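See below for the structure under consideration.
Read the figures in this text as sums done on the coordinates, not as results from a lab. Note that the structure is predicted; figures quoted are calculated from it, not measured. A quick note on method: Cβ atoms are made from the backbone with ideal geometry, for glycine too, and the neighbour counts reach across all protein chains shown.
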Amino acid sequence: MKDYQVTLTVKNNHLFRQMQLKNIKTSTELSQKSGVSYPTINNYLALRTAPMGRDGWKVTAVTLAKFFNCKPEDLFPEQHINEPLEKNKASFEMSRQDVMEITSSLRQTAISPETVLVLEQSKDYFDQMIKKILNPRQYEILQRRFGLESGHAETFEEVSKKLDISRGYARVIEQGAISKIKREAALNPRFMSSVKAIMGLD
């Protein structure tokens with residue numbers, strides 16, 4: 001008999017990385033902020049459900065993509081867009097030597113605390129930059145439209161009601177803000193990488 005019972009679980013790192021960028025730590029928190037049900041999010045994280053149906057992307061996959069301001073295909077491994085993972089968990093009996101070899105290998109490929117710190121610093125730098133670039137109204141509308149603080153991306157209708165302006169005017173202000181951001185990003189590679197990671201803009 002071997003000394004250890006080891007369980008291996010496979011997760012959807014595409015979706016998990018987007019959660020990290022928005023500082024969302026649990027499926028429950030993502031469900032509350034995105035409006036997608038907790039079981040659906042868990043199934044997407046475990047790759048138990050394919051996000052593409054017979055008629056195209058499922059509504060829940062599109063909703064998550066809108067929440068993260070990315071394309072649906074950015075949230076899932078390409079090989080599992082149409083087919084779920086048959087099995088995402090397995091258990092093995094292992095010796096001490098087996099465990100040491102596997103944990104050593106995993107440590108080399110795992111996301112390091114340094115990487116997490118870089119992601120956090122990227123968010124901080126992005127926020128500092130847009131505060132400098134945008135006027136207060138542009139900043140507020142961008143925060144609301146992309147859910148940069150709350151994690152909930154508001155529609156133009158929601159923004160216009162809360163700020164007591166027309167949807168068309170809100171759209172014009174957003175377009176002006178994005179134009180300013182793109183101009184600055186073209187001159188600043190560090191800012192460009194933050195813009196791509198956080199807003200999904202090219």
Label-point gap, in nm, between ASP74 and LYS161 - each point 7 angstrom along Cα→Cβ
2.7 nm
Taking a spot 7 Å from the Cα of HIS152 along the direction of its beta carbon, which residues of segment 52-72 have an amide N less than 18 Å from it?
63-69
What value, in deg cm²/dmol to 500, does the helix sum -39500 (n - 2.57) over DSSP H runs of n ≥ 4 give at 222 nm once divided by the residues of the chain?
-18500 deg cm²/dmol
I need the calculated FRET efficiency for the pair GLN175 and LYS25, taking r as the beta carbon distance and R₀ as 35 Å, to the nearest 0.05.
0.60
Treat every Asp and Glu Cβ in segment 7-84 as -1 and every Lys and Arg Cβ as +1, leave all other atoms uncharged, and give the resulting dipole magnitude about the Cα centre to the nearest 20 debye.
240 debye
Provide the three semi-axes, in whole Å and in decreasing order, of the ellipsoid equivalent to segment 113-199 as defined by the square roots of 5 times the Cα gyration tensor eigenvalues.
25, 15, 9
Which value, in debye to the nearest 20, describes the size of the charge dipole of the chain about its Cα centre when Lys and Arg Cβ atoms bear +1, Asp and Glu Cβ atoms bear -1, and nothing else is charged?
520 debye
In nm, to one decimal, how far is the ASN42 label point from the VAL10 one, both placed 7 Å along Cα→Cβ?
2.0 nm
With at most 15 other Cβ atoms within 10 Å, longest stretch of the chain clear of loop GluC sites (Glu not before Pro) (DSSP):
1-85
With equal scatterers on the alpha carbons only and no solvent term, can you work out the Debye log10 of I(q)/I(0) for segment 28-105 at 0.18 1/Å?
-0.75
